[in-house]
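Report on the following structure.
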Amino acid sequence: MDSKIKAYLTELYQSYHADDQKQADRLNRWRSIEPESAELLSVLISATQAKNLLEIGTSGGYSTLWLAEAAQQYGGHLTTLEIEADRIATATSHLKAVKLNEICDTLCIDAADFLKNNQTVFDFILLDAERPAYPSYWPDLKRALSKSGSLMVVDNVISHAAQVQDFIELIRAETEFKHTILPVGAGLLLVVKK
């Protein structure tokens, strides 16, 4: 990773983390993925040389920068979804600051609406949004992950285990997918299409 982008990411995480400490309401927090989780995402993208990436839950763009930087190495493209317009604007400004905006579409849209109408198959999906919606996303996520080797990573599966239990049960019931949980950051669920 370019040292300037790495320094930018370090400063951004520290800033977001400090802001989050001041917010009593979790919905007002940035809720960025942990740095060790973001680094693992970058490694997974590099290992699979994923070219078509989707992020569900942009927030302030911390994870978006990691995904876009990794995708850029292999001529990839990232589409990131966020329902809050001010957050997508913030993420877009960060992408522009590190010159990664050309390979990233930042969409202010409800993920359920996007997924329902989506016909694109993705190589890599990061799911890091409002967890109660995940089970309703699953039928559309399966279509988006229909290529053998397509990988989805879901954040917060250890820290918020009860909130993702039903979603994980849906995945366990699928014979066409393999999955595992890694104790990295807040817990990452990896789901791969066989």
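Here are the numbers for the structure shown:
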item: Surface per residue (accessible, 1.4 Å probe) for the chain, Å²; result: 47
item: Estimated FRET transfer efficiency when R0 is 35 angstrom, pair ALA133-GLN14 (beta carbons, to 0.05); result: 0.75
item: Amide H contacts of ALA129 (H built 1.01 Å from N, under 5 Å, at least 5 apart or other chain); result: none
item: Chain lengthening between ASP166 and GLN23 when straightened (0.36 nm per residue, less Cα-Cα); result: 48.6 nm
item: Phi-based couplings in Hz for the stretch 129-143 (Karplus 6.51, -1.76, 1.60; Gly and Pro marked x); result: 10, 7, 4, x, 7, 4, x, 6, 6, 3, x, 6, 5, 4, 5
item: Distance (nanometres) between label positions extended 7 Å along Cα→Cβ at ASP105 and SER93; result: 2.5
item: For TRP30, distant residues with modelled amide H under 5 Å away; result: ASP20
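The values are calculated or read from the model by the stated rules, or taken from the named source; none is laboratory data. Since the structure is predicted, the reported quantities are computational estimates derived from the model, not experimental observations. Glycine also receives a Cβ, built like all others from the backbone with ideal geometry; neighbour counts cover every protein chain displayed. Protein only, heavy atoms only, side chains kept; ligands, DNA and RNA dropped before computing areas. Shrake-Rupley method; radii C 1.70, N 1.55, O 1.52, S 1.80 Å.
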